[in-house]
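Visitor: For reference, the structure I am asking about is given below.
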Amino acid sequence: MSEPTRTPLIAGNWKMNGSLAGSEPLLREIVAGVSELTGVDVLVCPPYVYLQSVASWLGGTAVRLGSQDVSEHAGAGAFTGEIAAAMLKDFGCDYAIVGHSERRALFGDTDERVAAKFLAAQGAGLTPILCVGETLEQREQGQTQAVVASQVQAVLDAAGVAAFANAVIAYEPVWAIGTGRTATPEQAQEVHAEIRAMIAALDATIAAQLTVLYGGSVKGANAAELLAMDDIDGGLIGGASLKADDFLAICRAASR
Ligand code: 13P
């Protein structure tokens with residue numbers, strides 16, 4: 001494989017946390033800390049209702065904005081409660097998370113719907129962050145590779161490999177999310193390498209440039225060892241993205 005030139009990406013997924021009053025000081029600290037770093041891209045994904053405020057606080061800084069989800073419906077229309085990708089772009093988003101395991105498990109996001117969201121995001125000029133990952137039961141039954149491959153394949157079938165030239169994949173083992181039980185660097189690297197190999201089988205250049213994030217109980221204390229692995233290009237951070245010190249420690253671990 002050709003020498004990778006991937007800039008590490010640290011993305012904070014706030015999930016359904018935070019408040020308007022609390023977001024501004026958090027962002028100000030993150031922006032100040034990130035301004036001292038080089039060689040790392042940093043992204044925050046707040047709840048939809050805070051996007052406009054966060055966009056205004058981030059304006060002109062190096063920290064980018066993303067959404068936690070996006071409607072699978074590309075156009076405007078009678079879809080009560082949905083947010084279209086074009087609307088997110090309007091509000092300054094550059095990225096959209098799709099297929100987070102919480103959406104898959106709690107809100108019925110199927111592989112097909114996730115693929116539609118991926119396409120809707122790209123169609124509006126957003127970079128989708130496609131989340132994949134196995135449950136504990138699936139891992140214990142030796143199904144990790146098959147589960148992750150089928151989740152990636154569903155998007156490949158819908159979008160084609162070329163779409164991955166402008167996409168990010170996040171490997172988030174469900175058993176590691178919010179549990180404090182991080183995948184070992186070796187466990188994560190094994191799956192990341194399999195994901196990259198799957199893309200490489202179709203297009204080696206796209207695979208070599210593809211950013212593959214790890215998510216699941218990443219903290220300042222374990223970030224460096226995860227990020228040291230060849231195919232781990234950054235992190236998708238939940239709990240630790242809600243405190244500036246914790247998030248910045250991870251950003252610093254990724255900085256070059
Ligand atoms: P935690 O970092 O809280 O485990 O969450 C990971 C995650 O789900 C990010 O999308």
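The values are calculated or read from the model by the stated rules, or taken from the named source; none is laboratory data. The model shown is predicted, which means the values in this text are computed figures rather than measured ones. Neighbour counts are summed over all protein chains in view; Cβ atoms, including those assigned to glycine, are modelled from backbone coordinates with ideal geometry. When the accessible area is computed, the model is the full protein with side chains, heavy atoms only, and any ligands, DNA or RNA have been set aside. Shrake-Rupley method; radii C 1.70, N 1.55, O 1.52, S 1.80 Å.
Visitor: Looking at Val31, Val70, Val44, which one is β-branched (Val, Ile, Thr), part of a helix (DSSP H, G or I) and on the phi < 0 side of the Ramachandran plot?
Guide: Val31
Visitor: Could you please let me know if Asp69 is under 30 Å from Thr205 (Cα atoms) and acidic (Asp, Glu)?
Guide: yes
Visitor: Sort through Val70, Val40, Val31 and tell me the only one that's surrounded by fewer than 21 Cβ atoms within 10 Å (Cβ to Cβ), touching a residue at least 40 places away in the same chain (Cβ under 8 Å) and hydrophobic (A, V, I, L, M, F, W, C).
Guide: Val40
Visitor: Let me ask something else about it. So if I check each of Gly142, Gly123, which one is in contact (Cβ under 8 Å) with a residue 12 or more places away in the chain, more than 24 Å from Asn17 (Cα to Cα) and open to solvent by 40 Å² or more (accessible area, probe 1.4 Å)?
Guide: Result: Gly123 is the single residue among Gly142, Gly123 that is in contact (Cβ under 8 Å) with a residue 12 or more places away in the chain, more than 24 Å from Asn17 (Cα to Cα) and open to solvent by 40 Å² or more (accessible area, probe 1.4 Å).
Visitor: Confirm whether Ala78 is modelled with pLDDT of 95 or more and either among the β-branched types (Val, Ile, Thr) or more than 16 Å from the ligand (Cβ to nearest atom) (or both).
Guide: So Ala78 passes the test.
Visitor: So, in segment 85-121, of the ones that are within 19 Å of Asn13 (Cα to Cα) and in a loop (DSSP other than H, G, I, E, B), which residue ends up nearest to the ligand (Cβ to nearest atom)?
Guide: His100
Visitor: Checking Glu112 against (1) over 18 Å from the mean Cα position of the chain (by Cα); (2) free of Cβ contacts under 8 Å to residues at least 24 places away in the same chain: exactly one of these is not met. Which one?
Guide: Unmet for Glu112, out of (1) over 18 Å from the mean Cα position of the chain (by Cα); (2) free of Cβ contacts under 8 Å to residues at least 24 places away in the same chain: (2).
Visitor: Now for a different question. Which residues, taken from segment 170-194, are more than 12 Å from the ligand (Cβ to nearest atom) and buried (at least 22 other Cβ atoms within 10 Å of the Cβ)?
Guide: Ala188, Val191, His192
Visitor: Surrounded by fewer than 18 Cβ atoms within 10 Å (Cβ to Cβ), on the phi < 0 side of the Ramachandran plot and outside any helix (DSSP H, G or I): does that describe Gly75?
Guide: yes
Visitor: Anything in segment 196-221 that is surrounded by fewer than 22 Cβ atoms within 10 Å (Cβ to Cβ), within 25 Å of Ala105 (Cα to Cα) and not basic (Lys, Arg)? List them, or say none.
Guide: Met198, Thr211, Ser217
Visitor: Residue by residue through segment 7-25, note down the ones that are within 20 Å of the chain's Cα centre (by Cα) and open to solvent by 20 Å² or more (accessible area, probe 1.4 Å).
Guide: Residues satisfying the conditions are Thr7, Lys15, Met16, Asn17, Gly18.
Visitor: Restricting to helices (runs of 4 or more DSSP H) lying wholly in segment 202-254: which have 3 or more residues that are within 16 Å of the ligand (Cβ to nearest atom), closer than 19 Å to Trp14 by Cα and in contact with a strand residue (DSSP E or B) (Cβ under 8 Å, 6 or more places away or on another chain)?
Guide: Because the criterion is at least 3 residues that are within 16 Å of the ligand (Cβ to nearest atom), closer than 19 Å to Trp14 by Cα and in contact with a strand residue (DSSP E or B) (Cβ under 8 Å, 6 or more places away or on another chain), the helices (runs of 4 or more DSSP H) in segment 202-254 that meet it are 244-254.
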